[in-house]
Amino acid sequence: MQPLLSTKGDIQIDLNQVKLDVLIGIRECNDRGLIQTVKWLSELNYALKDHKLPHNNESPNLFDNGIIAEEKEAYTLAKCYFDCQEYDRAAHFLENTTSPKCVFLHRYSQYMSSEKKRSDNATDTGSENTESTQVLLDLLSFFKANRNSLDGYLLYLEGVVLKKLDLRSRAVTVLQAAVAAAPTLWAAWVELAGLANEYEALDSLQLPKHWMMYFFAAHAFVELKLSEQALEAYMVLAAAGFDKSTYITAQMAIAHHDRRDVDSSLSLFRNLYQNDPYRLDNWDVYSHLLYLKEKRMELANLAQKAVSIDKYRVETCCVIGNYYSLRSEHQKAVLYFQRALSLDPQYLSAWILMGHEFIELQNSNAAIQCYRQAIDVNRNDYRAWNGLGQAYEILGLNGYCIYYYSRAAQLKPDDSRMLVSLGEAYEKMDKIPNALKCYYKAHSTGDIEGMALFKLAKLYEKSNMPNSAAAAYTAACQEPANASSKELPAAQRYLAQYYLRFSLLDHASHYAYKCLEHESTKEAGKNILKTISEKRLAASTSSQAVNLPEDLPEAIKHASTSLTQDTPKTPFPSPNVTPDNFSTPMFSRKNNKYKM
């Protein structure tokens, strides 16, 4: 996979080969009951409808199901039972078959039966089903006994079983063999992407040189929240001939959502909704975007449309849950997220969103259980780790907060919110150097909420480092995005008092007049201006020159006497530098108004 990770330009894909592979994959997966992969391949095939396959390129595999004549009747009957979700009956009639498709359908029916019983029992009693676990162990014994005769589809099933039993490293090895043997088996690629913990682990996988690898890499980037890489990969695929794929459009919308570009993501989802109005896939993300933008009427219409399409889909339940959450009816929102989980206990979004609702209801213990379940489903999602940090913060367990916020920050290093939360936890435990580093890093990565510099300045002020506090407050006041911040008046008051202390009256006057613009600092501003007038009057009657104090920082000594002129920008120093050597910070960063 290394060529894809380092490639910036276009890729060359033979669309004739893609079309042929997709048609064969649809037939093979449909015969084995892998309906989600059939759906994905069929959508990809429809996106290539304008690309016609030459007749001489058609493969005889399109018309050969590979089942021996004596087993065709049993297979046909079992496949009908499987499609009707009568998994035990399907497995019974395939017990003594030997054709590869029959063997897979037999074992897959056993697996689906155990999972259905596990889900039903968990819903009814809230406990694990040991019988289902035994079925998984029996399947594992079968795979071990028939190691040399497993095809790509049986290897995929083995990988799924190993993942269920939490044998993740073995699952990765088996799934790599599965995608090498059956490259068009999209379900195997998805399982493999879910097991990649980080970018380096993704890069170390041994994968076949097949066009499906590009789709896998882009999907894995989305799973790991590497939004920029994901968008680049999908744009390359669109340029290679897949520009009409609804799947690629939806994935790009999710990537824009992850990088906090709400408007671009909403635009893509709206286009997708117009082109495919009955497509419920990813509507949970679509509804979350409308929730963030507080589009109540549009979210209500989306919920009504989802119910009219299929009221028992997990996406429908999440859309309705988000609608009730926007209306602050959190109990109703929890009810619908619970309905989603009763339909699919592995539905990640529902666990995380239900945890958020319990936080709103001040039920931290229930929220913790939801976030832990989300981590069991996907331990690479930073939202669950961040949610755990918030829940333990409410409980006052700052030691736990530090651990969970650290994990969230590792998974999402470009998001300042986790770093600010981590800094607050360190500050509560009086670990001041660590807190300073967190606030500084949050500022350096692009402060989303505009709080990092204010918190950094307050911590310097609390730690009796006035020069460093003034430097951070100055940088915060110079940032246009902070013009409406609630922290701005206190920062301007501090700077007015700071410059007054060093008799830099023009600077002090500038910030004192700023204080007059806010009700909370108006009186302080008047008092400072009064003191400034007295100092100027005293200076005008004295013939002695005023010398600057010795402890004034160099950056302040050389400050411009005119605050209206532009000053040269200097980088904001790291907390690792001696604080009193800080220069007055001037900086620029991306303007980002995204709010969770």
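The values are calculated or read from the model by the stated rules, or taken from the named source; none is laboratory data. The shown structure was predicted, so the numbers you read here are calculated from the model rather than taken from an experiment. Cβ: placed from backbone, ideal geometry, glycine included. Neighbour counts: every protein chain shown. Keep in mind that these areas ignore ligands, DNA and RNA; they rest on the heavy atoms of the full protein, side chains included. Shrake-Rupley method; radii C 1.70, N 1.55, O 1.52, S 1.80 Å.
Remark on segment 223-332: Rg and Dmax equal 14.3, 47 Å (Cα only).
Rounded to the nearest 20 debye, what is the charge dipole size of segment 296-451 about its Cα centre when +1 sits on each Lys and Arg Cβ and -1 on each Asp and Glu Cβ? It comes to approximately 200 debye.
What's the center-to-center distance, using Cα atoms, between segment 227-284 and segment 336-382 in Å? Taking the Cα centre of each part, segment 227-284 and segment 336-382 sit 25 Å apart. Which longest run of the chain has no exposed loop site in it, a site being GluC sites (Glu not before Pro) in a DSSP loop with at most 11 other beta carbons within 10 Å, and the site itself not part of the run? The longest such stretch corresponds to 295-549. Equivalent-ellipsoid semi-axes for segment 384-427 (Cα gyration tensor, √(5λ), whole Å, largest first): 15, 10, 7. What separates the Cα centres of segment 474-504 and segment 179-221 is a distance of 51 Å.
In the chain, a dipole from Cβ-located charges (positive for Lys and Arg, negative for Asp and Glu) runs towards its positive end, and of S169, G152, L231 it is L231 whose Cα lies farthest in that direction. Averaging 1/r over each pair of different alpha-carbon atoms in segment 173-256 and inverting the result gives 12.9 Å, the Kirkwood hydrodynamic radius. For segment 106-237, the share of alpha carbon pairs falling in successive 5 Å distance bins from zero is 2, 10, 18, 19, 17, 13, 11, 7, 3, 0 percent.
The rule of thumb for compact globular proteins, 2.2 N^0.38 Å, goes into the C-alpha radius of gyration of segment 270-339 1.00 times. Once the 1.4 Å probe is applied to the protein heavy atoms, the chain comes out at 49 Å² accessible per residue. P(r) tail for the chain: Cα pairs beyond 41 Å make up 39% of the total. With distances taken between every two different alpha-carbon atoms, segment 259-414 has a Kirkwood hydrodynamic radius of 16.0 Å.
Placing unit charges on the Cβ atoms only, positive for Lys and Arg and negative for Asp and Glu, gives the chain a dipole magnitude near 1400 debye about its Cα centre.
Would you mind checking the pairs K295/K455; K79/K116; K412/K441 and listing those with alpha carbons more than 20 angstrom apart? Beyond 20 Å between Cα atoms: K295/K455. For the chain, the carbon plus sulfur part of the accessible surface works out to 49%, probe radius 1.4 Å.
Using just its DSSP H runs of length 4 or more, each adding -39500 (n - 2.57), the chain gives a mean residue ellipticity at 222 nm of -20500 deg cm²/dmol after division by all residues. Semi-axes of the equivalent ellipsoid for segment 342-455, computed as √(5λ) from the eigenvalues of its C-alpha gyration tensor and ordered from largest down, come to 26, 15, 11 Å.
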